[in-house]
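Remarks on the structure that follows.
Just so it is clear, none of the values below were taken in a lab; they were calculated from the coordinates. Everything quoted here is computed from the prediction, not taken from an experiment. With ideal geometry, Cβ positions are generated from the backbone for all residues, glycine too; neighbour counts draw on all protein chains shown.
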Amino acid sequence: MIWLVSMPKFLKRKFFKDIINKLFGKNKKLKIGFYGHPNSGKTTLANRITTDWIGKPIGLVSEIPHETRKVYRQEHVTLSLDDLELDFDIIDTPGIATKIDYKNFLEFGLSEIEAKERAKEATKGIIEAIKWLDDVTGVLLVIDSTEDPLTQANITIMGNLEARKIPFIIVANKIDLPEASPDKIHAVFPQHTVVPISALHGEHISDLYQAMVDKFN
């Protein structure tokens, strides 16, 4: 074991973590779920990460709420940072809302039939997203930093994650907008890791990658 003394710190950490994982059966595949309100930027962030690391986006984005109405999975994403690698699947989930009213979709030019169908699909998507909490091993909770972070949906998601002991990072998104206030998210959730970014423009995305390696590796 003399070779262990001269081993770099990051390799020592990985070596001992691998041993612990094998001893306690924690070697299951890492699946990172993207959760948050509709239009908080979950799919934009998923697209940013998959484009950075595998060269292609995962899904469509739109100004219309609940554009993502079913779970999308991208397997085999490998994030490399400072001689460390994070291998994971992305689970991009529909936006979590406590109430869905088809009338809200009419404002975006959808017909009543289209709006009702979208509301129905969105409701099914939320149920599917909640079910995925039984399978994800880590979560990026994406919060629009231009909005009030203290919402029932955010509190409900965090409560579920804490109860299930699922590690998570709060992503304070849309810091490129003038009305953004990521400091407010820090103030409301001081006990959690909060990383301010702009998923659209890639601002501070390297900070998020570092936080992901630290939290999920």
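If you take every residue apart from L208 with its C-beta less than 15 Å away from the C-beta of L208, what net charge results, scoring Lys and Arg +1 and Asp and Glu -1?
Cβ neighbours under 15 Å give a net charge of -2.
When DSSP assigns beta bridges and you keep just the ones with both residues in the stretch 103-205, what percent turn out antiparallel, to the nearest 5?
Antiparallel bridges: around 10 percent, rounded to the nearest 5.
What does the net charge come to around S181 if you take all other residues with beta carbon closer than 11 Å to its beta carbon, with K and R at +1 and D and E at -1?
In short, -3.
Compute the signed sum of charges (Lys and Arg +1, Asp and Glu -1) over the other residues within less than 13 Å, Cβ to Cβ, of T156.
+1
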